[in-house]
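Colleague: What follows is a structure written as structure tokens; I'll ask about it next.
The values are calculated or read from the model by the stated rules, or taken from the named source; none is laboratory data. These numbers were taken from a predicted model, which means no experiment stands behind them. Neighbour counts are summed over all protein chains in view; Cβ atoms, including those assigned to glycine, are modelled from backbone coordinates with ideal geometry.
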Amino acid sequence: MNPIARYQLGPSFNSPTASPGELLLRDDPAQFFKDVERFVDLHRHMFGTYEGELYLRPSEDVFRRTSGTLQEWLQENGIDRLVPMFIGILNTLGYE
């Protein structure tokens with residue numbers, strides 16, 4: 001079964017379907033923010049902090065840790081509840 005299939009969209013506050021972000025916030029807001037914080041912490045640990053749009057070349061260890069898909073990486077780090085958020089972000093940017 002497609003792991004994304006479990007994130008079914010339902011009625012929203014003012015619309016017939018919820019966006020992925022609305023669904024996550026409505027489901028368990030405290031856990032959503034903990035997962036976002038964990039994502040940011042992991043990102044900073046791997047890539048450091050940087051100014052501007054580009055960051056320094058990652059180490060070989062970081063390349064190994066991020067060699068799969070984003071969904072696999074989120075699952076490995078226990079934050080796969082963020083998948084719908086990334087689907088929404090990527091769809092907004094024009095990716096399917």
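Colleague: Mind telling me which of the residues 32, 13, 86, 39 ends up being out of contact with any Phe, Trp or Tyr (no Cβ under 6 Å at 6 or more places or on another chain), modelled with pLDDT of 90 or more and among the aromatic types (Phe, Trp, Tyr)?
Modeller: 39
Colleague: Kindly evaluate residue 5 against the criterion of being modelled with pLDDT of 80 or more, assigned to a helix (DSSP H, G or I) and among the small types (Gly, Ala, Ser).
Modeller: no
Colleague: Tell me, which residue of the stretch 45-83 that is at pLDDT below 90 and basic (Lys, Arg) is farthest from residue 31 (Cα to Cα)?
Modeller: Among them, the one singled out is 57.
Colleague: When the stretch 43-91 is examined, which residues are found to be surrounded by 10 or more Cβ atoms within 10 Å (Cβ to Cβ), of a type in the set (S, T, N, Q) and within 23 Å of residue 32 (Cβ to Cβ)?
Modeller: 66, 71, 75, 77, 91
Colleague: Another one. Within the stretch 31-96, considering only helices (runs of 4 or more DSSP H) that don't extend past its boundaries, which have at least 2 residues that are polar (S, T, N, Q)?
Modeller: 70-76, 83-92
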